[in-house]
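The structure under discussion appears below in the form of structure tokens.
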Amino acid sequence: MRTTWTVFALLALGSALAQDNLPITRVVLFRSGVGYIERLGRVEGEARLTLSLRETQMNDLLKSLVLVDFDGGQILPVQYAPRDPLSRTLSAFAINIADNPPLATLLTRLRGAAVEIQTDKETVQGTVLSVETRKAPANEAVVDQSFVNLMTRDGMRSIALDSVRSFRVRDERLQQELQDALAALATGLDNTRKTVELRFRGQGTRRVLVGYLTEMPLWKMTYRLVIGEGEPLLQGWAIVENTTDEDWRNVRVELVSGRPVSFIQNLYEPVYPKRPRVQTQTDEALLPNVSEPAMGKQETLRAVPEAPGGIAGAPMPPALADADAALRESIVEMATGQERGALFDYRIEQPVTVLRQQSAMLPVLSRTVQAETVSLYNPANHPRHPFFGVKLTNTTDLTLMEGPVTVYLNGSYGGDAQLTTLEPKGARVLTFALDLGVEVTLNRTNETSQQLSVKVVQGVLEQRYQLRRENEYLIVNRDSKPRTLLIEQPFSGAWELVEPRDAERTANFYRFRLSLEPNQTRTLKVLEQRTEQESIALLQASDDVLRVFVQNQRLSEPVRQALSTILNRRRAIGNLDTEIRQQEAKIRAISDDQARIRENMKQLDRNSELYRQYVQKLTQQEREIEEARRAIQRLEEQRARAQRELSEYIAGLNL
């Protein structure tokens, strides 16, 4: 019986079978850079089938290959020739040519080997001893020149490398190694096809399935939206490309939206992990082990058969305008839709033929839909004019993939739009041309603030106030036809919409709907508000801030009286600070005068009358200094007590 998981889990595309009895029967294309090829056929007894692939396809095949024998047979191991990394293959030969060695380096690696060197004048046989660089004269100058030193029957010979025309290795084993290395190098450059052998074991004729993934271009969707006398018609075409080396003849094609995770892993090339090198204890002393530390509103749409005025479309041939009914009947959609979790599958019901390296457009959709012609204004798109658009509702049972939409209005080309992925019953506004018949002017007003409440809790003043902002749109319809205008304004979660209330919400915008009569001017005012709260610690608040609140007549009398008390107590503390500064200034003045007197006393006789007067004055000043210091101490104690009482008063306020 047929298993659904094999059909879908295989997901691939892209190689050629040698046997005609296992043709491609199903192709599934994804939008993640891969496709799925399914081959279904019959085998007899023990069968061997060979897949021929490009080397670039091997990793995807090895990652995804699924084989099924439906009639009791057995799948045997899959055989293929691996590709070792070229550098590792070349390094395994006795003569390493992986790094493209020059002649001097190559001869150095042949030290000890018997060679035959042909120069301009002679043939010399010997064993390579060494290669060196020496100074040699050349055109009245001295240059570096490389020489190979050979041990011959007649002794050591030194031959300049620039005179060597050819050489060969006389050791047949080494000569064969060199030839094998060159052959491996050539094989590494071979980017041709690789073969994979599939083997099935069983009795009689059996059905088998082969499925695998391969890299494929993503499939694309394009749409035509036709708005005329009848209901709006939406046609969808899928663009698929057969970039494989094999024709798809009468295959079932499925197109899957969404993006399943897909990656490339190197499975075809052998990988040799680096292994730690362990040294014996005699090589070096053991080291101590250091352990690591632990670590919106939705509206009902209606079909509007009449196109909006003012669209400067390119006239289409008259036949197109008269072919509305034929257009609806001539294209038969080929796809049915099916949800697959996060994916959506367009299954083409009719067999499809796409030749190798060819592309095709498949009609997957041709249905009537709900579409309303509107004009959409967003100042970020154009500061003055809205765009003509169509509010499209997906009334089909298909998920519409993203893609370009060509809009035809009453037989004329209206413009191009871009559709993002649209689920069934979803709606999108598709804009396709600038509406020059409508002008919009946006006047932004300043924000206003209104205080809502003020209270004091444990010495902290908490006030709530409301901010309001208003945008005014002046709309002029200069056209002789009516308009349905949608105005988009950015949405901010911090602001609440006050009016108008019947706005539609998108992820980032409010959308307001207006009906415009011909030659009509209208105004739309959009009012938003938000409430904020501010906390002020009264102990740290400045006097200016407190005075503003005291003068606010909207505050309750107890709050204003408490703030006035705080200001008065702060004023009393300020007076104490002033008296302290006055006493400190008095001490500084006396100290300055004492310094002057002592300087004068140095010049006087200690028994003179003036000296005795100075002594009496110094004694009096010392008493005054002591009195000032006692006054400062008393004032500071009063200030500390007043500050403590103010803090306790503020902390106890709950109004």
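For the reader, a short list of remarks on this structure follows.
- Placing a pseudo-label 7 Å from each Cα along the Cα-to-Cβ vector at Thr445 and Gln79 gives an inter-label distance of 8.7 nm.
- Relative to the current alpha-carbon distance between Ser535 and Val498, full extension at 0.36 nm per residue lengthens the span by 10.7 nm.
- Placing unit charges on the Cβ atoms only, positive for Lys and Arg and negative for Asp and Glu, gives region 96-186 a dipole magnitude near 200 debye about its Cα centre.
- Hydrodynamic analysis of region 473-583 uses the Kirkwood radius over alpha carbon pairs. Inserted into Stokes-Einstein at 25 °C and 0.890 mPa s, it gives a translational diffusion coefficient of 127 µm²/s.
- The HN-Hα couplings worked out from phi for region 143-158 by the Karplus form 6.51 cos²θ - 1.76 cosθ + 1.60 (θ = phi - 60°) are 10, 7, 9, 8, 10, 9, 9, 10, 9, 10, 4, 8, x, 7, 10, 10 Hz, whole numbers, x standing for Gly and Pro.
- In order along region 235-242, the Karplus-derived 3J(HN,Hα) couplings, from 6.51 cos²θ - 1.76 cosθ + 1.60 at θ = phi - 60°, round to 10, x, 10, 9, 9, 10, 10, 9 Hz, and Gly and Pro are given as x.
- Dimensionless Rg ratio for region 96-186, taking C-alpha atoms and the 2.2 N^0.38 Å reference: 1.15
- Residues with amide H under 5 Å from that of Val498, placed H, sequence gap 5 or more: Leu527, Glu528, Gln529
- Amide H contacts under 5 Å for Lys194: Leu53, Arg54, Glu55, restricted to partners 5 or more places along the chain or on a different chain, H placed in the peptide plane at 1.01 Å from N.
- Amide H contacts of Tyr413 (H built 1.01 Å from N, in plane; Pro and chain starts excluded): Ala314, Met316 sit under 5 Å, all sequence-distant by 5 or more or on other chains.
- Of all lysines in the structure, those lying under 28 Å Cα to Cα from Lys135, and not within fewer than 8 positions of it along the same chain, are Lys121.
- Computed 3J(HN,Hα) for region 416-425, one whole-Hz value per residue from the Karplus formula 6.51 cos²θ - 1.76 cosθ + 1.60 where θ = phi - 60°, is 10, 10, 10, 9, 8, 3, 10, 7, x, 6, glycine and proline marked x.
- GluC sites (Glu not before Pro) restricted to DSSP loop in region 384-481 with at most 15 other C-beta within 10 Å: Glu402, Glu447
- Applying 1/(1 + (r/R0)^6) with R0 = 35 Å to the Cβ-Cβ distance of Lys525 and Asn552 gives a FRET efficiency near 0.75.
- Each residue, Lys425 and Asn654, gets one label point 7 Å from its Cα in the Cβ direction; the gap between the two is 5.3 nm.
- Per-bin percent of Cα-Cα distances, region 442-537 [5 Å]: 3, 11, 18, 17, 14, 11, 8, 7, 4, 3, 2, 1, 1, 0
- Compactness of region 543-651 as Cα Rg over 2.2 N^0.38 Å, two decimals: 1.77
Bear in mind that the values in this text are calculations on the coordinates, not laboratory data. Note that this is a predicted model, so its numbers are computed, not measured. Positions of Cβ are generated from backbone atoms using ideal geometry, with glycine treated the same way; all protein chains shown enter the neighbour counts.
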